[in-house]
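The values are calculated or read from the model by the stated rules, or taken from the named source; none is laboratory data. Only a predicted model underlies this, so the values are computations on that prediction, with no experimental measurement involved. Cβ placement follows ideal geometry from the backbone for every residue including glycine, while neighbour counts extend to all protein chains displayed. These accessible areas exclude ligands, DNA and RNA; they are computed on the full protein's heavy atoms, side chains included. Shrake-Rupley method; radii C 1.70, N 1.55, O 1.52, S 1.80 Å.
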Amino acid sequence: MRFRGKLMDIECIQHFTRVVSTVSKLAKTCTLKIDRSNVYFILPGSVVSGDISIWCELPQCHIFTEFNMEGLSEDADEIFLELTPENIVKAMKSARNAKWVKMKLTNKHIPCITFEVELPSLTNLPRTVIHDVPVCVIPRRSWAEFQEPKLTDFDISIYMPPLKVVKNIVDRMKHLGNFVMLSVNRNGEMTLKVETDLVSVSTHFYNLTCPNSRSWSKDPSVTRTPTQSCHHFVEARVNIQKLAQFVSSQQVVPQKVVCNIHANRTVHFLLLHNDVTLQYFLPVVSM
C-alpha cells in the first residue's frame, strides 16, 4: 500500500485542518479511508448499542495538489487506517502559514502518516517540520465494518436553524437534564424541550424548511412519503450531552444542515458544504 499527497494552497491546508478538527471533537479515534476519489473519516457505531456514528467525506481533488495512492490490491484499491484525529490536528498546527504540506504513508518501526511541513524562511535555508502520526492498518477482513451507513426512509426532514443559535440553547439546557426531546413537523416548526420532575424548558423555532429527501440524498431510493398532517410532530428523545458535542464541534461553517428523524430509532444530521459532507447519527433514547 502506498499513499502520498501534497497540499499547496493555504486555503486547502486550513480547510483540511478545520475538517479534521471537527472530527477530533466528535471521536477520540476514527478510521481514515483513502481511495482514488475521496478521503473519509469514519466512526462506525451501532444504534442498537446506543453508539454514535460518523461519516465524513472529502473529495481528494479539492484538497490535494498532488495525490497518489495504491490500495491493497487491484480489486481492493483502498486503504483503511485507524488513528487519533487529534494527532493530525497537532501536526497541522505548525502548517498555519506553510508553503506546502506533504502527507505520506510510511513505516518507521510502526506504520505512520508522516507530515512534512515547509515553512517560510527569512534565509535561503529551508525550514521543514516533520510529524509522524502513528496509525494501525486495518486488515481487509474488517473493511465491511466501515461502509457508508445506509439511509432509511426517515419520518421527517428539516433544515436546521443556524448551529450557533442551537449551540447556545443546548449549552444552557444540558445543565437541566440528561435528555432533550427534539420535535419537528412538516409545517416548519421545531422544538427543543428538557423536562424533569422540577423544571420544563422548551425553545421553539418557526418557518423552517422541510426539504424533499431527494434534494440532499445521494441514494435515489431514499424517499419520504408524508403520512401525517403537516401539524403532526415527529419526536425523538436523545442524549443532550451527545447533541451538545455535535453542535459544539463544527469548525467548518456548513451551508445547510439537514436533520432527519426516524422515530424511535435515530436522528441523522447531514452537514452540507461545498466540498465536504459530514453525517452524524445519534441514537434515540426510549422513555
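Numerical summary
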read-out	value
Scan of region 267-282 for residues that are over 13 Å from the mean Cα position of the chain (by Cα) and either open to solvent by less than 10 Å² (accessible area, probe 1.4 Å) or of a type in the set (A, V, I, L, M) (or both), ordered by number	VAL267
Lone unmet requirement of (1) touching a Phe, Trp or Tyr at 6+ places or on another chain (Cβ under 9 Å); (2) among the small types (Gly, Ala, Ser); (3) in a helix (DSSP H, G or I) for SER183	(3)
Filtered residues of region 25-38 (kept if touching a residue at least 60 places away in the same chain (Cβ under 8 Å) and open to solvent by less than 70 Å² (accessible area, probe 1.4 Å))	LEU26, THR31, LEU32, LYS33
Residue pairs meeting the criteria (Cβ under 7 Å; at least 6 apart or on separate chains; first over 21 Å from THR84 (Cβ atoms) and surrounded by 15 or more Cβ atoms within 10 Å (Cβ to Cβ), in region 1-19; second modelled with pLDDT of 95 or more and among the β-branched types (Val, Ile, Thr))	LYS6/THR65; MET8/THR65
Of all residues making up region 130-162, the number that are free of Cβ contacts under 8 Å to residues at least 12 places away in the same chain, in a loop (DSSP other than H, G, I, E, B) and either surrounded by 13 or more Cβ atoms within 10 Å (Cβ to Cβ) or more than 18 Å from the chain's Cα centre (by Cα) (or both)	1
Residue within region 39-48 that is surrounded by fewer than 21 Cβ atoms within 10 Å (Cβ to Cβ), more than 19 Å from the chain's Cα centre (by Cα) and under 30 Å from VAL238 (Cβ atoms) present	yes
Yes/no for PHE80 being touching a residue at least 40 places away in the same chain (Cβ under 8 Å), within 15 Å of the chain's Cα centre (by Cα) and open to solvent by less than 10 Å² (accessible area, probe 1.4 Å)	no
Condition broken by VAL170, with the remaining ones in (1) in a loop (DSSP other than H, G, I, E, B); (2) surrounded by 14 or more Cβ atoms within 10 Å (Cβ to Cβ) satisfied	(1)
Whichever residue in region 230-284 is of a type in the set (Lys, Arg) and part of a strand (DSSP E or B) and, among such residues, is farthest from PRO162 (Cα to Cα)	ARG237
